[in-house]
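Asker: Below is a structure I'd like to ask you about.
Every read-out reported here was derived from the displayed coordinates using simple, explicitly stated rules and does not represent laboratory data. Owing to the predicted nature of the structure, the values given are computational and were not obtained by experimental measurement. Glycine also receives a Cβ, built like all others from the backbone with ideal geometry; neighbour counts cover every protein chain displayed.
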Amino acid sequence: QVHLVESGGGLVQPGGSLRLSCAASGFTLDYYDVSWYRQAPGKQRELVAAAPRGRSTDYADSVKGRFTISRDNAKNTVYLQMNSLKPEDAAVYYCNARTTILYYWGQGTQVTVSS
């Protein structure tokens, strides 16, 4: 069975850091474009960071310089390092893996940024 499982969310103070993980099973992430999205209450899901296979990473303007997406193909896992977190970063974060014909989502992990 195919699964994407996110972890690493939680409560952090403004200015703090979190590292989200997304572990894949049932397929090999190395063959997929991977991305992180987020969705805050009452808002649409938005793309945060992308790591297309064989191409450069890309980030939403709101997180450039603070977030970093990376892959560990040996662990079949993609990460999102989030630094200098702001209250507006609070959301459920989802990872996504896709090819031209396949498309997988994880279940999401909650990130809360509050003092």
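Asker: Beta carbons within 10 angstrom, averaged per residue: use that to sort the peptides 56-67, 20-31, highest first.
Answerer: 20-31, 56-67
Asker: Net charge near residue 79: determine it from the other residues with C-beta under 10 Å of the C-beta of residue 79, scoring Lys and Arg +1 and Asp and Glu -1.
Answerer: +2
Asker: Separate question: So what's the Cα pair-distance distribution over region 24-115, bin width 10 Å, in %?
Answerer: Reading upward from the zero bin: 16, 51, 28, 5, 0.
Asker: Please work out how much length the chain gains when fully extended from residue 46 to residue 30, using 0.36 nm per residue of separation minus the C-alpha to C-alpha distance, in nm with one decimal.
Answerer: Taking residue 46 through residue 30 to full extension adds about 3.5 nm, to one decimal.
Asker: Please report the net charge: other residues with Cβ closer than 14 Å to the Cβ of residue 50, K and R +1, D and E -1.
Answerer: Charge balance in the 14 Å sphere: +3.
Asker: Mind listing the phi-derived Karplus ³J(HN,Hα) values for region 107-115, rounded to whole Hz, using 6.51, -1.76 and 1.60 with θ = phi - 60°, and x for any glycine or proline?
Answerer: Coupling constants for region 107-115: 8, x, 9, 7, 10, 10, 10, 7, 8 Hz.
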